[in-house]
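One structure is given here, and the rest of the page talks about it.
The values are calculated or read from the model by the stated rules, or taken from the named source; none is laboratory data. Only a predicted model underlies this, so the values are computations on that prediction, with no experimental measurement involved. Cβ placement follows ideal geometry from the backbone for every residue including glycine, while neighbour counts extend to all protein chains displayed. These accessible areas exclude ligands, DNA and RNA; they are computed on the full protein's heavy atoms, side chains included. Shrake-Rupley method; radii C 1.70, N 1.55, O 1.52, S 1.80 Å.
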Amino acid sequence: MNLKTTNPALYYLQRTAFYLLVLVIAAYLLAPFFWAVLTSLRAPGDLFLAPGDFIAAKTTFSNYTQVFSNPNFQRGLLYSVVVAVGSVLISLLLGSFAAYALGRFKFKGKTMVLYVILAVSVFPQIAVLSGLYTLINNLNLYNNPLGLILSYLIFTIPFTVWVLTSFVRDIPGELEEAALVDGASPLQTLFQVLFPVMMPALVTTGLLAFINAWNEYLFALTFTSTNRTVPVVIANYSGATQFDQPWGPIMAASIVVTVPLIILVLVFQRNIVSGLTAGAVKG
Amino acid sequence: MTVKASTPVQPVRARGIEAARARQAIWLLLPTLIAIALVAGYPLYRTFYFSLFEANLTSPDQRSFVGLGNFWFTTEDGVALGFLQDPKWWGAVKNTLLFTVVSVFLETVFGMIIALVVNSAFKGRAVLRTAMLVPWAIPTVVSAQMWAYLYNDSFGLIGRGILGGQAVLANTDTAIWALIAVDVWKTTSFMALLILAGLQSLPGDMYEAADMDGASKWTQFWRLTLPLLRPALLVALVFRSLDALRVFDIMSVMLGNVNAATTSMTGYARQALIDNQLLGLGSAVSVAVFVLIMVIVVIYVTAFRVKFD
């Protein structure tokens with residue numbers, strides 16, 4: 001039955017083909033990013049070089065120093081952090097209340113609430129753009145990070161509720177019953193009994209929501225004029241003239257906003273996958 | 001509460017606790033429901049409301065009711081004003097649908113191949129699994145800029161090298177394929193991760209039995225793996241399709257906002273609403289996008305009996 005012993009030639013051919021496929025996949029996944037990193041480390045003049053010479057050209061960090069001294073980029077980083085952290089913290093707080101109710105309590109209309117939350121997470125952002133725009137204007141939050149925090153709740157809240165609910169369901173009921181018998185109120189139970197158990201879930205959900213908020217582009221582009229987040233800054237990064245595309249600094253800025261995310265994702269690999277599947281595969 | 005709890009009849013007490021639990025649940029849910037009503041419900045209602053008016057974004061209070069005129073209206077001089085009469089809108093619809101169908105299809109196929117590879121035992125498996133996360137972790141705007149650079153006709157590895165200095169992004173007909181390639185690269189990882197999670201939940205002894213029966217790997221894939229993966233695959237498909245249908249950032253970054261309007265439905269809506277300041281018309285387009293996406297959700301859910309939860 002074993003191919004290795006019955007037909008070694010075919011076996012090694014298969015293995016080689018398989019490893020070739022692995023190589024192709026790895027190159028496909030990583031090459032564009034590798035090329036961006038390389039470009040961010042090359043002087044502007046080197047961009048014209050043929051690929052071989054380009055790889056061999058001298059490494060310089062001038063693009064990075066240029067990006068970090070750009071006031072728009074500095075402000076972008078600050079606003080991105082403020083907006084993403086703000087919307088994630090609010091969503092985690094509200095989301096864990098809701099997830100506790102949805103995962104542990106029986107009441108009429110529960111399925112309805114779950115479906116409404118799911119519907120909000122699938123509907124297109126453009127559908128609320130004009131309504132949100134006028135709302136944000138009326139609240140005087142245009143160009144204000146608070147306006148973005150408010151608008152980001154539209155996707156961070158449904159996401160956190162949905163994922164946390166599936167985590168809360170998996171917590172053994174005995175924990176909560178013990179607290180109930182001791183006379184703890186639901187909020188006490190949530191904060192003192194469930195939160196410690198839910199910590200990994202909260203970190204995972206928070207991280208995934210953070211990535212979504214960090215990436216958001218449509219609202220950030222529409223609801224701000226000067227106080228822009230990093231994706232909008234990168235999308236509109238321009239050189240001295242209109243026709244000058246400063247690819248080196250653009251790639252450097254791109255790497256700066258991406259590397260922290262990649263590190264976070266790699267550190268929390270296992271949690272990320274479980275969070276994604278709780279959020280997407282189960283619904 | 002204590003008075004009720006001390007009554008000797010058990011069922012009443014149990015029901016009392018249940019009623020109290022139901023009340024507590026409402027209080028726990030209330031902040032979320034209020035937040036959703038504020039950021040989703042009310043704006044959605046306003047979008048529907050504005051879609052029936054002619055209004056300017058800078059002065060929404062000076063509006064006049066036009067009914068469905070934003071959707072379809074021809075003046076006495078024969079000038080078509082409704083967006084449904086605008087060929088550019090239909091071009092955007094066509095491109096968005098093409099983008100969605102092709103990119104989701106390719107993502108599913110590539111995602112399946114990558115997931116099957118990562119699911120088998122080989123040296124370097126952990127490395128490949130980690131590499132899978134990289135495109136997914138890169139922000140969409142960043143990947144759009146990265147690819148815009150790769151496609152650039154005077155600097156780019158693809159634009160200058162492979163395509164020989166041809167500006168793919170300048171022409172809408174070729175640009176759509178270039179954009180599909182970007183989306184496939186960015187989100188295949190996500191598909192692969194979900195499929196991989198599904199694969200790992202399949203029982204191993206089933207494959208041992210199939211091996212014993214002499215079923216080939218090929219037969220096993222079509223007869224066992226695929227049917228069992230169906231539920232996970234369908235939900236992933238639904239979410240990816242909906243994401244692709246509302247695509248905007250790739251088009252906006254790689255083509256600019258003007259060309260994005262002819263390439264994606266969201267881009268068209270945003271141009272009408274923000275760049276042209278047409279609050280009524282822009283809202284009407286947004287309503288159309290919303291309705292179209294909801295129809296597709298309903299078709300998916302009923303046709304494939306997708307079960308959430």
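Where does the charge balance sit around residue B:257 when Lys and Arg score +1, Asp and Glu -1, over other residues with C-beta under 14 Å from its C-beta?
Numbers: positive: B:88, B:270; negative: B:249, B:275.
Result for the local shell: 0.
Separation between the residue A:85 and residue B:15 pseudo-spin-labels, each 7 Å from Cα along Cα→Cβ, expressed in nm?
Here the answer is 5.2 nm between the modelled labels.
For the range B:66-85, list residues with backbone N below 13 Å from a point placed 7 Å from the Cα of residue B:277 toward its Cβ?
No residues fall inside that zone.
Shielding by partners for A:44-57, please: the mean number of other protein chain Cβ atoms within 10 Å of each residue's Cβ.
On the way: counts 0, 0, 0, 5, 3, 1, 2, 3, 0, 0, 2, 0, 0, 0.
That average works out to 1.
For residue B:56, enumerate residues with amide H under 5 Å from its amide H, sequence gap 5+ or separate chain, H modeled in the peptide plane.
When sequence neighbours closer than 5 places are left aside, the close amide H contacts are B:279.
Which sequence of A:266, A:114 reflects their accessible areas, 1.4 Å probe, from the largest down? Display every interim value, and only then the final one.
Numbers: A:266 65, A:114 15 Å².
Greatest to least solvent exposure: A:266, A:114.
Give the shape of the range B:36-117 as rounded, prolate or oblate, defined through the alpha-carbon gyration tensor: a ≥ b ≥ c are the square roots of its eigenvalues, a/c under 1.5 means rounded, and otherwise the shape is prolate if a/b is larger than b/c and oblate if not. Write out the running numbers ahead of the final one.
Details: a/c = 4.75, a/b = 1.76, b/c = 2.70.
Judged from the Cα gyration tensor, the range B:36-117 comes out oblate (a/c at least 1.5, b/c at or above a/b).
For the protein assembly as shown, what is the number of Lys pairs with C-alpha distance below 25 angstrom, counting only pairs 8 or more positions apart or on separate chains?
For the protein assembly as shown, the number of qualifying lysine pairs is 14.
Taking θ = phi - 60°, what integer Hz values does the Karplus form 6.51 cos²θ - 1.76 cosθ + 1.60 yield along the range B:247-261, in sequence order, with x for Gly and Pro?
Once θ is set to phi - 60°, the couplings for the range B:247-261 become 4, 8, 4, 4, 5, 4, 6, 7, 10, x, 5, 5, 6, 4, 5 Hz.
Only helical DSSP H runs with n ≥ 4 go in: add -39500 (n - 2.57) per run for chain A, normalise by residue count and round the 222 nm mean residue ellipticity to 500 deg cm²/dmol. Could the numbers behind the result be given before it?
Values: 14 runs with 210 residues, N = 283.
Counting only the DSSP helices, I get -24500 deg cm²/dmol.
If Lys and Arg each add +1 and Asp and Glu each add -1, what is the summed charge of the other residues whose beta carbon sits under 14 Å from the beta carbon of residue B:243? Intermediate results must be reported in sequence, preceding the final value.
Working: positive: B:186, B:240, B:246; negative: A:216, B:107, B:183, B:249.
Result for the local shell: -1.
Could you list which residues have their amide H under 5 Å from that of residue A:60, counting only those 5 or more apart in sequence or on another chain, with H placed in the peptide plane?
Close amide H contacts, sequence-distant or interchain: A:42, A:43.
Can you tell me how much longer the chain between residue B:302 and residue B:172 gets when fully stretched, taken as 0.36 nm per residue apart minus their C-alpha distance, in nm with one decimal?
On the way: separation 130, 0.36 × 130 = 46.80 nm, distance 3.45 nm.
Answer, rounded to one decimal: 43.4 nm.
Determine Rg/Rh for the range A:155-283; Rg is computed over alpha-carbon atoms and Rh is the Kirkwood hydrodynamic estimate from the same atoms.
Values: Rg = 20.3 Å, Rh = 17.6 Å.
Rg/Rh for the range A:155-283 comes to 1.15.
Between beta-carbons, use under 13 Å as the cut-off and find the net charge around residue A:127, counting Lys and Arg +1, Asp and Glu -1.
Values: positive: B:46, B:246, B:270; negative: none.
Within the 13 Å Cβ shell, the charges total +3.
May I ask you to derive the FRET efficiency for residue A:24 and residue A:49 from their Cβ-Cβ distance with R0 = 30 Å, giving the value to the nearest 0.05?
0.70
Enumerate the helices in chain A for which the Kyte-Doolittle hydropathy averages -1.0 or more and the C-alpha atoms extend at least 24 Å along the helix's axis, using complete DSSP H runs. If you can, show how the numbers build up before the last one.
Working: long enough: A:8-40 (47 Å, 1.43); A:71-104 (48 Å, 1.17); A:145-169 (34 Å, 1.58); A:195-215 (29 Å, 1.25); A:247-267 (29 Å, 2.38).
Membrane-span-like by this criterion, though nothing is claimed about a membrane: A:8-40, A:71-104, A:145-169, A:195-215, A:247-267.
Please give the calculated 222 nm ellipticity per residue for chain B, where each DSSP H segment of at least 4 residues contributes -39500 (n - 2.57) and the sum is spread over every residue; nearest 500 deg cm²/dmol? Walk me through the intermediate numbers first.
Values: 14 runs with 205 residues, N = 309.
Helix-only estimate at 222 nm: -21500 deg cm²/dmol.
Convex hull over the Cα atoms of the range B:177-285, averaged projected area in nm²?
Working: hull surface 35.1 nm².
About 8.8 nm², averaged over all directions.
Ordered by residue, what ³J(HN,Hα) values in Hz, to whole numbers, does the range A:227-234 give under the Karplus form 6.51 cos²θ - 1.76 cosθ + 1.60, where θ = phi - 60° and Gly and Pro are x?
Along the range A:227-234, the couplings run 8, 8, 8, 4, x, 5, 4, 5 Hz.
Give the residue list of trypsin sites (Lys or Arg not before Pro) in the range B:58-164 that are DSSP loop and have at most 13 other beta-carbon atoms within 10 angstrom. It would help to have the intermediate numbers written out before the result.
Values: sites: B:63, B:88, B:94, B:123, B:125, B:129, B:160; in loops: B:123.
Sparse-neighbourhood loop trypsin sites (Lys or Arg not before Pro): B:123.
Show me the three semi-axes of the equivalent ellipsoid for the protein assembly as shown, from the C-alpha gyration tensor (sqrt of 5 times each eigenvalue), largest first, rounded to whole Å. All intermediate terms of the calculation are to be shown ahead of the outcome.
Values: eigenvalues 308, 258, 120 Å².
Values for the protein assembly as shown, descending: 39, 36, 25 Å.
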